[in-house]
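Encoded as structure tokens, the structure appears first; notes follow it.
The values are calculated or read from the model by the stated rules, or taken from the named source; none is laboratory data. The structure presented is a predicted model; accordingly, all values stated were derived computationally and were not measured. In this analysis, Cβ positions are derived from the backbone assuming ideal geometry, glycine residues included, and neighbour counts consider all displayed protein chains.
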Amino acid sequence: MSEFTFLFRGRDYFASPEQRQKHTEKWVAWFKALGDKGHIKDMGRPLEAAGKVVRGDKGNVQDGPYAEAKDLIGGYTLIEAANLDEAVELSKGCPIFDVGGAVEVRPVQALNVQYQELKA
Amino acid sequence: MELSDHLFRREAGRMIAALTRIFGVHNLGLAEDVVQEAFCRAAEVWKFRGVPDNPSAWLMATAKNCALDALRRQRTARSYAPELGRYLESEWTRASIIEEQFGANAIRDDLLRMMFSCCHPRLAEEAQVALILHILCGFSVGEIAGAFVSSRAAIEKRITRAKAVLAQSKKLFDVAAAAEVAARLPAVQRALYLLFNEGYHGACAETAIRAELCREAMRLTAELLAHPLGRTPASYALAALMALDAARLQARADEAGALLSLIDQDRTQWDQELIGEGLKLLELSAAGADLTAYHVEAAIAAQHARAASVEETDWATIVELYETLSAIRPSPIVALNRAIAIGQRDGPERGLDAIAAIDGADRLAAYPFYPAARGEMELARGEKDAAAEHFRAALALARNPSERRFLQRRVEACASSLGEREKSRG
């Protein structure tokens, strides 16, 4: 098994509470199904939309990130899958696609054996 | 833990009512933004962690925090609710005031305050209903437009205007003032009645949406009954009427979604629990000297609900009740229903006479069940050609697929040698 992160990109907007409830229920069901199949290593957390970006050697601090809503990372989850293909497959039911968002699937780099031995 | 059906919708109304009390009715927009934010924040966490044990409490806590943030961001608290502004300006008292406003009793009052505020005398009835749906039931403009079979733009305009009127009123309606409550209560009852009717008889094709309108009307009526000043015989009668009608809601359409008339409904599908509740409410409505149209309509619904079949229905009593209703609130639709009841009591010829005698029948020109009623009576006395003609005229007036299918079948029933109903009864 290897580890992957799902980075959830895109923020949702709903005209009515009813629509938001339906969407939230979908997420809850999707996460639960992933967990039941043993794919969730760490559920992760949602991220606040606002924050600061620190950049450059002078450590400039800016408000932000002002990414477009569809690119903004709204949260992350650490999952376990046999390989990248499976991880991608697992991401496919994510309700974020219903609201024009995206899931970025990124393999977590495996620690190499020598490093682990050194540490020990 | 799963979310109960329409929880967000219900909580939206409660949150907006409490927040409008805090921010002032002229800051309705801010209250709406805070509700959006609270939903967004709560839902973000629930997506990852699952739904908490008490989602309502979680939402309210989130709304309180968002309200505090909003107050901190805008340092002009005095421009908020005039009576609370002083406390909202100080960091020391702010949190406790907000806590107080979100208490269970305060929210119940807030909800009622908002309901009464929405029924402002300067607003037309349809604007009141749209505003209630939007603010207290969390319906989006698109959802209201769908439910009322109206254009988005028209509903948008109606709601924007209504909100402007509301904002100008500066203060929310005072639900502690008995005289004012009594004066506006009929308007509130009327708006809830119209909301229910839109769901029950309305033109919207989707059964699910119509059932939701009925459910929302019943929920708000229950809120009215929960308040000592709203708990009047007329409110009980209104609630009884809704329960007795809603009991038949499921049976009013077949699997294909076609409308079924009272005669063709499978009475075993009627919701006996709701009927029992309706009859109990009707008893409670009997106090006092006032006989309102709601009382009479509920009594008619009770007659149908009690009858095991069309034949066993007490049509004589129903005719009398329609006559009482005509005296209280005359309308060609009431007269048409009376004529139909007369047809059942005295036979189709008498029914046709009663239809011919309807005052202001021109106002029924676009109502499909006016020619349809004639069709039924012609069919009942064996005049198939005349019946078919009436049903075809009704079909041309059908407002949605469900009515169309129903009337199409009635046209076809005239063509067969025996009426469809007689055949199916064997």
Worksheet entry | Test: residue in the range B:223-236 that is surrounded by 20 or more Cβ atoms within 10 Å (Cβ to Cβ), at pLDDT 90 or above and within 11 Å of the chain's Cα centre (by Cα) | no
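So which of A:Asp12, A:Asp63, A:Asp98 ends up being within 22 Å of B:Ala42 (Cα to Cα) and touching a strand residue (DSSP E or B) at 6+ places or on another chain (Cβ under 9 Å)? Spell out the reasoning first.
Details: A:Asp63 fails: within 22 Å of B:Ala42 (Cα to Cα); A:Asp98 fails: touching a strand residue (DSSP E or B) at 6+ places or on another chain (Cβ under 9 Å).
Selected residue: A:Asp12, the only one of A:Asp12, A:Asp63, A:Asp98 that is within 22 Å of B:Ala42 (Cα to Cα) and touching a strand residue (DSSP E or B) at 6+ places or on another chain (Cβ under 9 Å).
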Discussion item. If I ask for residues that are of a type in the set (Gly, Ala, Ser), at pLDDT 95 or above and over 22 Å from B:Asp346 (Cα atoms), which ones from the range B:260-319 would you list?
Written reply: B:Gly276, B:Gly278, B:Ser285, B:Ala293, B:Ala298
Item to complete: Within the range A:62-73, identify whether any single residue is modelled with pLDDT under 95, touching a Leu at 6+ places or on another chain (Cβ under 6 Å) and within 23 Å of A:Tyr13 (Cβ to Cβ), and answer yes or no.
Response: yes
Worksheet item: Here are some conditions: (1) touching a helix residue (DSSP H, G or I) at 6+ places or on another chain (Cβ under 6 Å); (2) in contact (Cβ under 8 Å) with a residue 24 or more places away in the chain; (3) not hydroxyl-bearing (Ser, Thr, Tyr). A:Glu18 meets all but one. Which one does it not meet?
Response: (2)
Worksheet item: Name the residues in the range B:93-149 that are within 20 Å of A:Ala15 (Cα to Cα), more than 14 Å from chain A (Cβ to nearest Cβ) and in a loop (DSSP other than H, G, I, E, B), would you?
Response: B:Phe148, B:Val149
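Among the residues of the range B:150-175, how many are within 14 Å of chain A (Cβ to nearest Cβ) and of a type in the set (Asp, Glu)?
1
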Worksheet item: When only residues in the range B:1-41 that are closer than 20 Å to B:Glu100 by Cα and among the acidic types (Asp, Glu) count, which is surrounded by the fewest Cβ atoms within 10 Å (Cβ to Cβ)?
Response: B:Glu32
Practice prompt. Output the number of the condition that B:Tyr367 fails; it satisfies all remaining conditions of (1) in contact (Cβ under 8 Å) with a residue 60 or more places away in the chain; (2) crowded, with 17+ Cβ neighbours inside 10 Å; (3) not in a helix (DSSP H, G or I); (4) not small (Gly, Ala, Ser).
Written response: (1)
Worksheet item: Pick from the range B:42-66 the residues that are surrounded by 16 or more Cβ atoms within 10 Å (Cβ to Cβ) and basic (Lys, Arg): which of them is farthest from the other protein chains (Cβ to nearest Cβ)?
Response: B:Lys64
Worksheet item: Is there a residue in the range A:47-69 that is surrounded by 15 or more Cβ atoms within 10 Å (Cβ to Cβ) and in contact with a helix residue (DSSP H, G or I) (Cβ under 6 Å, 6 or more places away or on another chain)?
Response: no
Worksheet item: Does B:Ala393 satisfy the criteria of being modelled with pLDDT under 90 and surrounded by fewer than 20 Cβ atoms within 10 Å (Cβ to Cβ)?
Response: no
Worksheet item: Just one of the numbered conditions (1) in a helix (DSSP H, G or I); (2) modelled with pLDDT of 80 or more is not true of B:Arg86; which one?
Response: (2)
Worksheet entry | Those residues of the range B:273-301 which are within 21 Å of B:Ala335 (Cβ to Cβ) and either touching a helix residue (DSSP H, G or I) at 6+ places or on another chain (Cβ under 6 Å) or surrounded by 20 or more Cβ atoms within 10 Å (Cβ to Cβ) (or both), in sequence order | B:Thr292, B:Ala293, B:Tyr294, B:His295, B:Val296, B:Glu297, B:Ala298, B:Ala299, B:Ile300, B:Ala301
